[in-house]
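Contents: one structure, followed by commentary.
The values are calculated or read from the model by the stated rules, or taken from the named source; none is laboratory data. The structure presented is a predicted model; accordingly, all values stated were derived computationally and were not measured. Quick reminder, even Gly has a Cβ in these numbers, built from the backbone with ideal geometry, and neighbours come from all protein chains shown.
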Amino acid sequence: MESTARLSDGGQARIVFQPEGKRGVFPVGTTIMDAAREVGVDIETICGGKLTCGKCQVIIEGGMENLSPVTEDEQRLLDKKKAGKNYRLACVTKFYGDVVVYVPEESRGGEQIILKEGVELSVEMDPAVKKYYLELEKPHLKDDLGDFERVLNALKKDYGIEGVDIDYQVLRKMPDVLRDNDWKVTVSIWDDKEIVDIEGGYTAEEVYGLAVDIGTTTVVGYLTDLRTGEVLAVDSMMNPQVTYGEDVMSRITFAMQEPDGLDKLNDKIINGLNKILEKACQQANISPTKVSEVTIVGNTGMHHIFMKINPKHIAMAPYVPALHQSHDVKARDLGLNIAEGSYVHVLPIEAGWVGADNVAVLIATEPYKQDEMQLIIDIGTNGEIVLGNKERMMSCSAAAGPALEGAHIKHGMRAATGAIEKIRIDPETYESTYNTIGNAPPRGICGSGIIDAVAEMFRAGIVKKNGRFNLDLDTPRVRETDGIPEYVIAWANETSTGHDIVMTQKDIREVQLAKGAMSAGAHILMNEMGVDKVDRVIVAGAFGNYIDKLSALIIGLVPEVPLDRIDSVGNAAGVGARIALISRKKRKEANEIARRVEHIKLAVHPDFEKEFTRAMFFPHMEKKRYQNFDEIIRSR
Ligand code: FES
């Protein structure tokens, strides 16, 4: 501990902030908070020193005797558990001699939070929107400063904030909000630049945002506390644009051919997002008008349609998007019903067919910081694949179709209660066992269950390498209905639907097409990169559940790597949208990485047809690509 002395020369005193070791000399009677601001130490303050929040607690490591006495109000806010442990509130405590102050983790601005979503990632909390509580001097005849200028002065005095502007609609309501609330208000400031909301009273601890992943088939929204990074509620729905086409291309065609096609598609997604917003807010018991920002990720088609930008140019060579970089647009311009004046942050896109969803996956998994060669497979209707490390990154997109999300599969369904999510088949008896979401009677099979079903049917010899059924097996579970072979996973008396749940020959074919496209994309990227193996595979996708790594390997959805080198990370695009919501640094990183990734256009690649045809086999037509396959399959 540093030595301290009462009153340094000339009415000045020295202060040292730990653990950073930053220090400075100030006139005696300066508050710890003001000194911290001067030397660039970030101490949490959300009430601006109004003795309301108690967030600015610091520990005095030396010079306790040199501080102003603890007042009753301060004592009230100091946690009882901390009494007698040298805690003080930085905003009101003045120092009159040398002091050493330790700023604990929970009082530091920009706190690190650890996201544990398949991969573990440490993110510094720095959302774009922050709230500040103000108690203003009332105007009178000798002080007739304008309301906005009065707010600006208070922001500067209490928080050291300067140079902010104000949203026009917020400005319009400001005079009434100030007077109706006895000049005690909370303002929301976006990106240190603009006041985007003003509320009466102290609401500085209620800052929320919504992170949204707009998938071609599934849309997911994560209502997030912008002070802690905690997800308060999750809501998802089928993309309501599905009525106008199942894949991106058919929706773009609809937008191009129908006179008001783009309007219709845009309306669908905006209405859908407002519903997600409402339902998530209901779950968390907050009003949607308390949501201060939305982040959006999605493939380039979903991105353009959401922003009501004509998507036709991304569908035609040379497949150029309207913009690559991220964009901030007023929520009200898009029709989203959140707080007055708030913004929607749309993440950057890489290329015509590799969009903001892939950038989100990248900032969630950070392959561009690794030495090892990583392959990231983001399974979706429009699947995306990235290969690389900190030296070089490549990406492509593969039109996998919606089979692995449960669509186009006879008994496929989204990951919801009653969905079969895990399946095992005994290779001796061909009997099945399964788990369902919520342990409910089965009513269908979700993505992870579909991959399991195909892997297990192949492992048990029910389907062959080329995907065809083996009809010579002695089991009632393998049968033909209307001439189409199928395997019964659950008998009617076990299900909630009252009929058998099966995987048909056509279902297997759909999975082959999906996994063939993804696998072909991966192998083409490996060829382009000049590598014949990768160090790690990360499998992502909005299944709602993590897929089984061994099953993914058995069907050849991922290239051969040791099992412990496969990470199944769930919806990494959604995690990336959440990260962008709580960290401006990661937004910047997203813009940088989006321009660094080299994009390979799979559809016009000369090897695609050949690779695709070979990748349709289980696990692959070329044995040399899965040299240890017998060992792999025995490991279950
Ligand atoms: Fe709120 Fe000190 S009590 S900043």
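In the set (1) out of contact with any strand residue (DSSP E or B) (no Cβ under 8 Å at 6 or more places or on another chain); (2) without any contact (Cβ under 8 Å) to a residue 12 or more places away in the chain, the condition left unmet by F458 is number (2).
Across segment 27-45, the qualifying residues are those that are within 14 Å of the ligand (Cβ to nearest atom) and of a type in the set (D, E), and the one among them that is modelled with the highest pLDDT is D34. Being of a type in the set (G, A, S) and under 25 Å from N358 (Cβ atoms) is the filter here; which residues of segment 396-431 pass it? The answer is S397, A398, A399, A400, G401, A403, G406, A407, G412, A415. Quick one: is T433 of a type in the set (S, T, N, Q) and over 30 Å from R634 (Cβ atoms)? Judged against the criteria, T433 is not a match.
The set of residues in segment 253-299 being touching a strand residue (DSSP E or B) at 6+ places or on another chain (Cβ under 7 Å) and of a type in the set (V, I, T) consists of I269, I276, I286, V291, V294, T295, I296, V297. Of all residues in segment 442-459, those satisfying the criterion of being surrounded by fewer than 23 Cβ atoms within 10 Å (Cβ to Cβ) and at pLDDT 95 or above are F458, R459. Somewhere in segment 116-123, is a residue at pLDDT 85 or above, touching a helix residue (DSSP H, G or I) at 6+ places or on another chain (Cβ under 6 Å) and away from the ligand (no atom under 16 Å from the Cβ)? Looking through segment 116-123, at least one residue is at pLDDT 85 or above, touching a helix residue (DSSP H, G or I) at 6+ places or on another chain (Cβ under 6 Å) and away from the ligand (no atom under 16 Å from the Cβ). Which residues, counting only those in segment 59-70, are out of contact with any Leu (no Cβ under 8 Å at 6 or more places or on another chain) and in a strand (DSSP E or B)? Across segment 59-70, the qualifying residues are I59, E61, G62, L67.
Among the residues of segment 291-311, none qualifies, meaning not one is surrounded by fewer than 18 Cβ atoms within 10 Å (Cβ to Cβ) and part of a helix (DSSP H, G or I). Taking segment 461-482 as the range and being touching a residue at least 40 places away in the same chain (Cβ under 8 Å) and either at positive phi or not in a loop (DSSP other than H, G, I, E, B) (or both) as the test, the residues that pass are V463, G467, V478. Any residue at all in segment 410-426 that's out of contact with any Pro (no Cβ under 6 Å at 6 or more places or on another chain), farther than 22 Å from V234 by Cα, free of Cβ contacts under 8 Å to residues at least 12 places away in the same chain and not in a helix (DSSP H, G or I)? The answer is no, given that none of the residues of segment 410-426 is out of contact with any Pro (no Cβ under 6 Å at 6 or more places or on another chain), farther than 22 Å from V234 by Cα, free of Cβ contacts under 8 Å to residues at least 12 places away in the same chain and not in a helix (DSSP H, G or I). If the condition is being of a type in the set (S, T, Y) and either in contact with a Cys (Cβ under 8 Å, 6 or more places away or on another chain) or within 9 Å of the ligand (Cβ to nearest atom) (or both), then segment 46-70 contributes only T52.
The set of residues in segment 185-206 that are under 14 Å from C47 (Cα atoms) and not β-branched (V, I, T) comprises S188, E199, G200, G201, Y202, A204, E205, E206. Regarding segment 235-250, can at least one residue be identified that is small (G, A, S), at pLDDT below 95 and under 16 Å from the mean Cα position of the chain (by Cα)? Yes, there is a match, as at least one residue in segment 235-250 is small (G, A, S), at pLDDT below 95 and under 16 Å from the mean Cα position of the chain (by Cα). Which one of these does G201 not meet: (1) surrounded by fewer than 18 Cβ atoms within 10 Å (Cβ to Cβ); (2) touching a residue at least 24 places away in the same chain (Cβ under 8 Å)? Condition (2) is where G201 drops out.
The conditions of being surrounded by 17 or more Cβ atoms within 10 Å (Cβ to Cβ) and without any contact (Cβ under 8 Å) to a residue 60 or more places away in the chain are met by P240. Candidates in segment 547-582 are the residues that are part of a loop (DSSP other than H, G, I, E, B) and in contact with a helix residue (DSSP H, G or I) (Cβ under 7 Å, 6 or more places away or on another chain); of these, the one that is modelled with the lowest pLDDT is I547. Answer with yes or no whether K157 is on the phi < 0 side of the Ramachandran plot, crowded, with 18+ Cβ neighbours inside 10 Å and within 16 Å of the ligand (Cβ to nearest atom). So K157 does not fit the description; no. Considering (1) part of a helix (DSSP H, G or I); (2) out of contact with any Ser or Thr (no Cβ under 6 Å at 6 or more places or on another chain); (3) buried (at least 24 other Cβ atoms within 10 Å of the Cβ), the lone condition that K585 does not fulfil carries the number (3). Could you grab me the full set of residues in segment 321-376 that are at positive phi and surrounded by 20 or more Cβ atoms within 10 Å (Cβ to Cβ)? G341 - this is the single residue of segment 321-376 that is at positive phi and surrounded by 20 or more Cβ atoms within 10 Å (Cβ to Cβ).
Pairing residues of segment 46-63 that are of a type in the set (G, A, S) with residues that are near the ligand (Cβ under 10 Å from one of its atoms) and assigned to a strand (DSSP E or B), at Cβ distances under 8 Å and at least 6 apart in sequence or on separate chains, gives G48/Y133; G49/T31; G54/L89.
Checked against (1) away from the ligand (no atom under 15 Å from the Cβ); (2) within 20 Å of Y202 (Cβ to Cβ); (3) of a type in the set (S, T, N, Q), N86 passes all but condition (2). Among residues of segment 343-371 that are without any contact (Cβ under 8 Å) to a residue 40 or more places away in the chain and in a loop (DSSP other than H, G, I, E, B), none has a Cβ under 7 angstrom from a residue that is buried (at least 24 other Cβ atoms within 10 Å of the Cβ) and of a type outside the set (K, R) at a sequence gap of 6+ or on a separate chain.
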